[in-house]
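Worksheet: one structure, shown below.
Readers should treat all values here as calculations from the given coordinates under stated rules, not as data from a laboratory. No experiment lies behind these values; they were computed from the predicted model shown. A quick note on method: Cβ atoms are made from the backbone with ideal geometry, for glycine too, and the neighbour counts reach across all protein chains shown.
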Amino acid sequence: MKYRELSDLYRRLENTTLKTLKTKFVADFLKRVLDEELLEIVPYLILGKVFPDWDERELGVGEKLLIKAVSKATGIPEKEIENSIKDTGDLGESVALALKKKRQKSFFSQPLTIKRVYKTFVKISEASGEGSQDRKLKYLANLFMDAEAEEGKYLARTVLGTMRTGVAEGILRDAIAEAFKVKAELVERAYMLTSDFGYVAKVSKLEGNEGLSKVQIQIGKPIRPMLAQLAANVKEALIEMGGEAAFEIKYDGARVQIHKDGDTVVVYSRRLENVTRSIPEMVEAIKSHIKAEKAIVEGELVAVGDGGRPRPFQYVLRRFRRKYNIEEMIEKIPLELNLFDALYVDGEGLIDVQFRERRARLEEIVEESGKVKLAQQLVTKNPEDAEEFYKRALELGHEGLMAKRLDSVYEPGNRGKKWLKIKPTMENLDLVIVGAEWGEGRRAHVLGSFLVAAYDPEQGRFVPVGKVGSGFTDEDLVEFTKMLKPLIVKEEGKYVEIEPKVVVEVTYQEIQKSPKYESGFALRFPRYLALREDKGPEEADTLERIAQLYEFQERFRAKR
Ligand SMILES: Nc1ncnc2c1ncn2[C@@H]1O[C@H](COP(=O)(O)OP(=O)(O)OP(=O)(O)O)[C@@H](O)[C@H]1O
């Protein structure tokens with residue numbers, strides 16, 4: 001299949017904002033993919049990716065190398081391309097312009113196929129060590145040499161991860177259902193279990209509804225995590241759970257999903273990124289303290305400080321980020337794993353098994369040690385005992401408690417009422433930066449205040465709820481400016497509109513009803529706390545959550 005057909009699709013997607021039309025375009029395209037091998041690849045390319053997020057492979061190509069490759073392919077000096085980017089404000093456009101101007105077309109030039117493009121991407125991802133930059137450059141230049149202008153535009157965007165066709169997971173799900181005449185719920189279910197759209201598309205085409213409904217959790221493919229709703233207090237949680245619940249400490253760390261297959265251990269973060277390499281000591285501990293040959297378990301990874309007290313979750317994220325000198329980090333930021341669920345043990349998928357039983361299976365396979373532990377649990381009907389446990393958890397420096405329904409099955413990707421979290425009063429919000437303002441005076445060259453938004457999953461949009469200007473250090477602002485600059489969509493005077501990508505944790509004094517924002521809510525005195533690199537924009541707090549918090553706040557006020 002020609003790459004041309006894919007670049008046509010990208011253009012058509014870009015030219016419409018209508019979700020139904022986008023879905024139709026993607027569905028029509030998927031129908032035309034006859035080769036099964038290709039069908040496993042194209043869903044990612046359509047999303048503007050090369051590999052799934054949980055795949056460790058990455059291209060490792062930055063803007064500079066890409067410009068070099070285009071220069072090599074076209075004979076146009078790098079400087080000229082850089083200047084063109086300044087004019088167009090868009091690298092993709094400038095690549096297309098350069099290819100249009102290309103001095104000569106190679107005599108042997110061949111139209112690009114999707115397979116060739118993909119294979120080249122794989123080769124690029126595999127290039128490592130000495131001379132790897134040169135090899136990447138050569139592979140890329142070869143692609144651009146054979147690319148038409150528009151193809152070049154989308155190749156560049158794919159390589160840099162800046163495709164903006166507005167196709168997110170929901171559209172892809174519906175398009176797969178439409179293309180292969182299968183039920184969208186079943187596509188969703190299979191995706192929640194495997195996080196692999198390529199695989200799901202293939203099963204949909206080859207095995208239809210029946211095949212989809214048989215899809216099982218698999219070692220090596222991360223499952224979407226089950227999430228919790230917020231409860232006002234321990235008592236309310238107990239009532240919601242039907243009178244009895246498993247309360248567990250809510251550890252303040254980073255959630256991990258561990259896949260163990262014999263001696264191979266892979267660890268995924270909450271966003272299902274492969275973080276195995278950053279925590280080798282934990283991988284070793286897991287190998288020797290999880291007794292099952294094959295298992296998928298979940299837990300919270302916590303950084304421990306003096307006297308075993310938990311340190312803020314950012315420490316764990318620092319461990320995840322570190323790519324070199326890892327040994328030094330093992331000493332500086334020791335970790336502890338608190339396991340709370342078992343989803344698969346030795347050939348048996350457990351997600352349809354009740355939580356009570358899953359915990360029993362977990363206890364069977366975990367041999368506790370200094371580094372690997374079971375989440376502390378109290379199963380009770382008694383609100384006073386639960387309250388006591390909650391107080392103790394807070395005294396020990398934990399975030400609060402989780403309450404889990406003993407008879408509940410594991411619901412991948414769902415934020416339902418089977419799991420509830422209990423934390424002290426007003427919880428912080430994780431919001432997405434959608435705009436900013438340049439600072440004044442001394443701070444004129446950095447962004448100084450940020451428009452933050454909640455996610456509205458119904459409409460797939462982000463709705464502003466406040467402007468955050470405090471809580472940042474000077475270094476934070478420099479860092480944020482660097483991070484947000486490439487995401488600027490529009491500039492109007494001091495104000496810039498920003499593509500919703502970056503999630504920040506924000507505290508505030510209260511939530512007010514306000515006509516100022518379309519959301520109907522405004523945060524009073526919002527203050528920046530932390531960057532939530534572990535969350536994607538769609539995992540930010542929702543409008544519904546803000547409404548719920550508002551309700552709690554008002555109820556609490558009424559009591560006083
Ligand atoms: N014992 C536990 N059982 C389940 N989750 C736990 C436990 N201890 C800590 N956690 C963490 O709490 C989270 C559950 O809360 P929620 O589903 O709201 O996730 P979240 O959106 O990441 O929210 P938060 O920012 O409050 O962690 C889990 O994702 C996990 O990271």
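Observations on the model:
- Separation of alpha-carbon centers, segment 146-190 and segment 322-370, rounded to whole Å: 34 Å
- Under the Debye formula (equal points on every Cα, no solvent term), log10 I(q)/I(0) of segment 318-462 at q = 0.08, 0.09, 0.13 Å⁻¹: -0.40, -0.51, -0.95
- Diffusion of the chain by Stokes-Einstein, at 10 °C in a medium of 1.306 mPa s and with Rh set to the Kirkwood radius over alpha-carbon pairs, works out to 62 µm²/s.
- Percentage, to the nearest whole number, of Cα pairs in segment 234-422 over 24 Å apart: 38 percent
- The amide H of R461, built 1.01 Å from its N in the peptide plane, has D456 as neighbours under 5 Å, considering only residues 5 or more places off or on other chains.
- Antiparallel bridge percentage (DSSP; both residues within segment 234-422; nearest 5): 95 percent
- V465 sits among other residues whose Cβ lies under 15 Å from its own Cβ, and their net charge, with Lys and Arg +1 and Asp and Glu -1, is -1.
- Residues whose amide H lies under 5 Å from that of V372, counting only those 5 or more places away or on a different chain, are L337; hydrogens are built 1.01 Å from N in the peptide plane.
- K381/A232 FRET efficiency (R0 22 Å; Cβ-Cβ; nearest 0.05): 0.70
- Given K136/K323; K102/K153; K485/K516; K467/K490; K153/K535; K381/K535, the pairs whose alpha carbons are separated by over 23 Å: K485/K516; K153/K535; K381/K535
- Taking amide H as placed 1.01 Å from N in the peptide plane, the amide H of K421 sits under 5 Å from that of Q229, L230, A231, A403, each at least 5 places away or on another chain.
- Between L18 and R321, full extension at 0.36 nm per residue minus the direct alpha carbon distance yields a gain of 105.3 nm.
- Rounded to the nearest 10 degrees, the inclination of helix 383-395 to the longest alpha-carbon principal axis of the chain is 60 degrees.
- Each residue of segment 352-363 is assigned a 3J(HN,Hα), and the resulting list reads 8, 9, 4, 4, 3, 6, 4, 5, 4, 5, 4, 4 Hz, derived from the Karplus form 6.51 cos²θ - 1.76 cosθ + 1.60 (θ = phi - 60°), x at Gly and Pro.
- Based on Cα atoms of segment 445-544, Rg over Rh with Rh as the Kirkwood radius reads 0.94.
- Sum of side-chain charges, V182 neighbourhood, beta-carbon under 13 Å (Lys, Arg +1; Asp, Glu -1): +2
- Charges were assigned to the Cβ only: +1 to each Lys and Arg, -1 to each Asp and Glu. The resulting dipole of the chain about its Cα centre is roughly 1480 debye.
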